[in-house]
Every structure is written in C-alpha cells, then in structure tokens.
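What follows is a set of notes on a single structure, which appears directly below.
The values are calculated or read from the model by the stated rules, or taken from the named source; none is laboratory data. Since we're looking at a predicted model, the values are computed, not measured. Here the Cβ positions follow ideal geometry from the backbone for every residue, glycine too, while neighbour counts run over all protein chains shown. Side chains included, ligands, DNA and RNA excluded: accessible areas come from the protein's heavy atoms. Shrake-Rupley method; radii C 1.70, N 1.55, O 1.52, S 1.80 Å.
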Amino acid sequence: MNHKKPFRKAVQQDSERQRLAEREPASLLGMLTYGGVIGLLLVLPAVGGAYLGRWLDSLSEGYQTRWTVSLIILGIVAGIWNVYWYIKERL
C-alpha cells in the first residue's frame, strides 16, 4: 500500500496544477498562438487548393481557371471545417 502514496501525491499535484491553469486568464502570447493556429488552419487548405488548381489548369490547352477556382472554394470549405473541429476540441 505504501507504494501507492507517491503516485497519489503526484496525481493530486497534477490535478491542482490543471485547476490553477484553468482559472488563470490566457496570456497575450497564448492568445496570439491560438489565433495564428486558427489562421493557418483556414488559409493553408485554400492556398494549397490554389496551387494545385493552377497546376492542373496549366496542363490543359489555353488558360482556364476552372480547377483553380474550384479547388480554392474546396480549400476554404476544408479550412472552415478544420477551424470548427479545432475550436470544438479546445472548448
């Protein structure tokens, strides 16, 4: 039974640290990091779709933007989906 005491003490300390962290307001750096992650989750799929669409459009004869526009829209939708799930997991 004595070997369980250090484990219990460590668990109690960790849970106390977690309670204190939940009460403290977020720091400026923490909020900037959170906003940056959300921005990247939204922008990267759209930019990736633009590059992929541009490459696919360059493979066809003449200049068309069908793939570019379609994949940008798909990237924006995927980015919104990413942001939604990230915020849902954080709350």
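With each run of n ≥ 4 DSSP H residues scored as -39500 (n - 2.57), what mean residue ellipticity at 222 nm is computed for the chain after dividing by its residue count and rounding to the nearest 500 deg cm²/dmol? It comes out at -29500 deg cm²/dmol, rounded to the nearest 500.
Note that the chain presents 86 Å² accessible area per residue, ligands and nucleic acids not counted, probe 1.4 Å.
What the Cβ-Cβ distance of Glu16 and Ser58 gives, at R0 = 41 Å and to the nearest 0.05, is a FRET efficiency of 0.10. Per-residue extension of 0.36 nm, minus the Cα-Cα distance of Arg8 and Tyr84, leaves a gain of 23.7 nm for this segment. The relative contact order of the chain, computed from alpha carbon pairs under 8 Å that lie at least 6 residues apart in sequence, is 27 percent. Values [x] 13.2, 45; [y] 13.2, 42; [z] 22.8, 79 are given for comparison; Rg and Dmax of the Cα atoms in Å, derived from the coordinates here, is the one labelled [z]. Among Leu44, Ala78, Leu32, whose Cα sits farthest toward the positive end of the charge dipole of the chain (+1 at Cβ of Lys/Arg, -1 at Cβ of Asp/Glu, about the Cα centre)? The Cα lying farthest towards the positive end belongs to Leu32. Ligands, DNA and RNA left out, the accessible area of the chain computed with a 1.4 Å probe is 67% carbon and sulfur. For the peptides 77-86, 19-28, the ranking by packing is 77-86, 19-28, with the highest mean count of neighbouring Cβ atoms within 10 Å listed first.
Heavy-atom accessible surface of Asp14, to the nearest 10 Å², is about 80 Å², with a 1.4 Å probe and all protein chains retained.
Taken about its Cα centre, the chain carries a charge dipole of roughly 700 debye when the Cβ of each Lys and Arg holds +1 and the Cβ of each Asp and Glu holds -1.
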